[in-house]
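Input: a single structure, listed below in structure tokens.
The values are calculated or read from the model by the stated rules, or taken from the named source; none is laboratory data. These numbers were taken from a predicted model, which means no experiment stands behind them. Using ideal geometry, Cβ is built from the backbone for each residue, glycine included, and neighbour counts are taken over all protein chains shown. For the accessible areas, the whole protein counts, side chains as well, though only heavy atoms, and no ligand, DNA or RNA atoms are used. Shrake-Rupley method; radii C 1.70, N 1.55, O 1.52, S 1.80 Å.
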Amino acid sequence: MWTWFKRLRREPEHTAATTFWVTTDVLNRTMEILRQSRDADGPHEGVAYWAGRRIGHECVITTCIAPATRTTYASFDTSAHTNARVVMYLTRAGLQLLGQVHSHPGRLVDHSDGDDERAIMPYHGFVSVVVPHFARRGMRPLSICGVHVFEGTRFRRLTDSEVEAEFRVIDQFADLRV
């Protein structure tokens with residue numbers, strides 16, 4: 001009987017069969033943006049947004065957006081004006097906001113309360129990637145990052161096996177002449 005009650009209280013299991021397609025170019029641009037976030041004293045947290053199109057259970061990430069931000073060593077913030085500019089850009093380009101990526105100073109890649117509060121506009125399926133070490137060590141494989149998906153009313157960090165199953169990193173150029 002107790003086991004049955006425990007099953008009722010459990011959070012719903014992850015059922016997303018979403019595949020996220022992202023190019024190495026978008027990853028490289030994202031790392032550039034994150035690495036540029038600094039002041040005279042050193043690196044700061046950085047943030048970038050990922051846009052593209054959701055087609056059924058597939059998200060094709062085509063674009064990396066660099067928003068205007070206020071940053072510190074351990075935080076970032078975007079204004080309502082900046083977020084409005086992002087929405088206007090998305091509308092003009094015919095794109096959807098699929099997620100955000102931000103960096104953390106050390107190796108911790110879990111979401112903080114602030115990360116949850118500062119997510120630009122989380123909706124079911126919205127992805128939030130936390131890149132460790134201010135992106136100085138890269139973000140590949142993606143499993144070195146904290147990959148979080150918004151489900152219901154909160155973010156849930158994906159397991160390494162879920163990241164490997166749901167994210168496809170593809171090159172934008174294939175030279176098959178050799």
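Give me the residue from the range 18-29 that is open to solvent by less than 20 Å² (accessible area, probe 1.4 Å) and in a helix (DSSP H, G or I) and, out of that set, farthest from Tyr73 (Cα to Cα).
Filtering first and then ranking leaves Thr24.
Enumerate the pairs (first residue in the range 39-53 and part of a loop (DSSP other than H, G, I, E, B) and hydroxyl-bearing (Ser, Thr, Tyr); second residue anywhere and at pLDDT below 95 and surrounded by fewer than 15 Cβ atoms within 10 Å (Cβ to Cβ)) with beta-carbon separation below 8 Å, excluding pairs fewer than 6 apart on the same chain, so at least 6 apart or on different chains.
Here the result reads none, with nothing in the range 39-53 linked to a residue that is at pLDDT below 95 and surrounded by fewer than 15 Cβ atoms within 10 Å (Cβ to Cβ).
Pairs needed: first member in the range 80-96, closer than 12 Å to Gly52 by Cα; second member anywhere, assigned to a helix (DSSP H, G or I); C-beta distance under 7 Å; at least 6 residues apart or different chains.
Gln96/Leu90
Collect the residues in the range 159-176 that are open to solvent by less than 80 Å² (accessible area, probe 1.4 Å) and either touching a residue at least 60 places away in the same chain (Cβ under 8 Å) or aliphatic (A, V, I, L, M) (or both), keeping them in residue-number order.
Across the range 159-176, the qualifying residues are Glu162, Val163, Ala165, Glu166, Phe167, Val169, Ile170, Ala174.
Can you tell me which residues in the range 30-71 are closer than 18 Å to Ile144 by Cα and either touching a Pro at 6+ places or on another chain (Cβ under 8 Å) or surrounded by fewer than 18 Cβ atoms within 10 Å (Cβ to Cβ) (or both)?
Hits for the range 30-71 are Glu32, Arg35, Glu45, Val47, Ala48.
Starting from the range 62-78, keep only residues that are touching a residue at least 40 places away in the same chain (Cβ under 8 Å) and within 21 Å of Gly52 (Cβ to Cβ), then list their pairs with residues that are in a strand (DSSP E or B) and open to solvent by 60 Å² or more (accessible area, probe 1.4 Å) whose Cβ atoms are within a distance under 9 Å, requiring at least 6 positions of separation or different chains.
Cβ pairs passing all conditions: Thr78/Arg70.
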